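To start, the structure itself, in structure tokens.
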Amino acid sequence: MLRQSYESEKLLELFEQRNTILSVIGEASSNYQAESTKDEILEQCCKILVENNDFCLVWAGKRELADKDITPIAAVNSVKLADRDCMKLIEQVVLEMHASNPAAQALRTGHPVIIQDVFEENTHAALQQIATQTGFRSCSSWPLRYKEHEYGVLSIHSMDKGCFDEVEVDFLSHIITDISLALYSLETTLRLQVERDFNREIVDTVQALMVSIAPCGQILTLNAEAQRVTGYTQEQVKGRYWVDILLSPHHRKEQQQQMSKALKGEGRGVSFQASLLTKEGKEHIIDWHSSIRSEVIGQVGLVLFGLDITEQLQAGHARDRALDQFRNIFSVIQDPALIVSRDNTILDANLATFTAARRTRDEVIGHKVCEILHGGRRDKAVCPLETLVSIGKSRIMETELRGLNGRYMLTISPLSAGDEEAALLVARDLTEEELLQAEAMRAAQLASIGELAAGVAHEINNPINGIINYAQLLLDDLEDDRGGADLLGRIIKEGKRVSGIAHKLLDFARQGEEEVESVHFATIVDDCISLVGHQLKHDGILLNNTLDDDLPKVLCNSQQIQQVLLNIFSNARYALNKKFSHPDPDKKIILSACTLTRGTRNYVAIEIEDHGTGIEHDIMDRLSDPFFSTKPKGEGTGLGLSISHGLVQENHGYLQIRSELGRSTTLTVALPAA
């Protein structure tokens, strides 16, 4: 009898606690404030549960994502532990136990986790530490879930060992269900309220025509936008037949048939475009969408939503006309033209591009601009063209485009269409006259650099000769100081190196003081071969000389041109040795010649082709710059091609370079025919 009486009292006490919790939930729900109210409900539930003499600590937590740690949001205890200290202990347990703490396990499995004795069961040290400080022996963690929605976890601790018996677990199961349902209801109410507020805002601010029509076809209401567009007030059209107001006489029959079907319930809605004649007689194009609604049983009403697309259609027609004109212009441009996105992808190209690139449309569109215009690049190299396109820079430059098989005047023009940005590239094939102009510009640049180089060389040459002479005098006076002699020897060596560079600068700045004579180009080439032939043979480089002795003579200073050719042979030898470490059939230099005409002048041109490493397209325009070199430090001064270019210009000729990375390089030296 006593046990039954105890159980009855226990059940009554639990029932009262449940009613109290439900009252708190109901009161909080009536004044909901989104997330803050949810946290308040959980805190109030913790306080009520702690009032149960069996529970000494109750805390609630939640996690933002399924794979994130739990964040404690409320904690209540009956052992007079400060709330701040209690929260720190809970945070310590969550942090140290991570996924193994009971609360995390409950959320992960979706089922309550119950520990009847923290000290006898194999539990984590952090859990035992908080048990020691708060005095609990048993604990349970309950996931707060409803219809796949997770709202957090509730952890309940008791001082009694084995507190969570069948009666207690049954009571807590109902409590947890009540709390989860309340949180779900609160969330649903909030969501519905947000939707209602949103819909009300739409109705208040909508910029579309809204017209409600009775089942008999009479207009009931017009919103402000509909009144503005039609020119009628709501009082002027109320009760009038919708067709007379909303449809132009030219389209009434067709559109009336569609709307009649909708009003008869044959469809859930109708969408159509129709012209509307305003009160002032102006015609507007309206994009209508209907929504059928049941107002009275057996009767159907209609709401029309309309967008005035008159200006949009006019702008669309104007845009289409402009695009057609652009496409016509784009397609008839005789020079290669491409539209390239900011990520350097080719979006469109004209027929001239496909012809110059010798590729089909599918082989060009969608590919990177560097791949098509330059034929690709080496790994990790930066393409100057792609850089200009990506940053939206406009530029006009004369450059060689290997992918289009020639030298072009390339114009880059940024384009902008709303949020989309691109660039228009037009590559105009340089004429003979323009090539001569480009060469003249280069000659002027080299001349100005030459003046600067001469001044620098003279300023350097005198003091460096003094340094070399003084170092030599000191070296001559030394007898047994090997260390000092070594240092002085290095000073003399490096001084001579600087002096050599200064002499090359003077050569670069020389303005053609030597005399010009009429000579055979083949003779100059033979003299060069006699000087470098043994080096080529030693390196296993084959020489294929196809020069014809019947070539016309050229007007030049033979010593200067010999210097140019020797520099070209040296660069070709370096490229071949870098590519082929052993003898190879492709390790060769090919010499050929031809006559040509540029402008009104005849030229004899020598082509020196090697099958070496080739030159990256991104440095082609810098090859004639003084001190620019692709060779390792100490192996080149960067003056060879600069001097060669200047010497050929002095002899009224021109020097051109063509190269394909990894395959070959061809240098053309053209001199005036005698």
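Side notes on the structure shown:
- When the listed pairs Lys47/Lys88; Lys238/Lys279; Lys38/Lys147 are checked against a 20 Å cut-off, every alpha-carbon distance falls at or below it.
- Surface calculation, 1.4 Å probe, protein heavy atoms: His250 sits at approximately 150 Å² accessible.
- Rh by Kirkwood over Cα pairs, then Stokes-Einstein D for the stretch 98-179 at 0.692 mPa s and 37 °C, µm²/s: 251
- As a fraction of the 1.4 Å probe accessible area of the stretch 137-244, surface on carbon and sulfur atoms comes out at 52 percent.
- With the simple model of a label 7 Å out from the Cα in the direction of the Cβ, Ser331 to Thr278 spans 3.8 nm.
- Cα→Cβ-extended label distance, 7 Å offset, between Arg497 and His367, nm: 4.4
- Length added when fully stretched, Ser390-Arg108, from 0.36 nm per residue minus Cα-Cα: 96.7 nm
- Förster-model FRET efficiency, 25 Å R0, Ser416 and Leu307, C-beta, rounded to 0.05: 0.40
- Where the stretch 102-183 is the region considered: accessible area per residue in Å², 1.4 Å probe: 44
- Rounded to 0.05, the FRET efficiency of the Gln92 and Ser23 pair, given R0 = 56 Å and the Cβ-Cβ distance, is 0.95.
- Distance between the stretch 539-607 and the stretch 212-241 - C-alpha centres, whole angstrom: 89
- Cα-projected label distance for Glu120 with Glu16, points at 7 Å along beta-carbon direction, nm: 3.1
- Here Met397 sits with roughly 50 square angstrom of accessible surface, probe radius 1.4 Å.
- Peptides 602-613, 399-410 ordered by average Cβ neighbours within 10 Å, highest first: 602-613, 399-410
- Estimated FRET transfer efficiency (Ser291, Thr666; beta-carbon r; R0 60 Å; 0.05): 0.25
- The residues Thr353, Thr595, sorted by heavy-atom accessible surface at 1.4 Å with ligands and nucleic acids left out, run Thr595, Thr353 from largest to smallest.
- Taking all protein chains as shown and a probe of 1.4 angstrom, Arg601 keeps an accessible surface of around 100 Å².
- With the cut-off at under 20 Å, measuring from each backbone N in the stretch 61-78 to a point 7 Å along the Cα-to-Cβ line of Val194 picks out 62-66.
The values are calculated or read from the model by the stated rules, or taken from the named source; none is laboratory data. Keep in mind the model is a prediction, meaning the values are calculated, not measured. Using ideal geometry, Cβ is built from the backbone for each residue, glycine included, and neighbour counts are taken over all protein chains shown. For accessibility, only protein heavy atoms count, side chains too; no ligands or nucleic acids. Shrake-Rupley method; radii C 1.70, N 1.55, O 1.52, S 1.80 Å.
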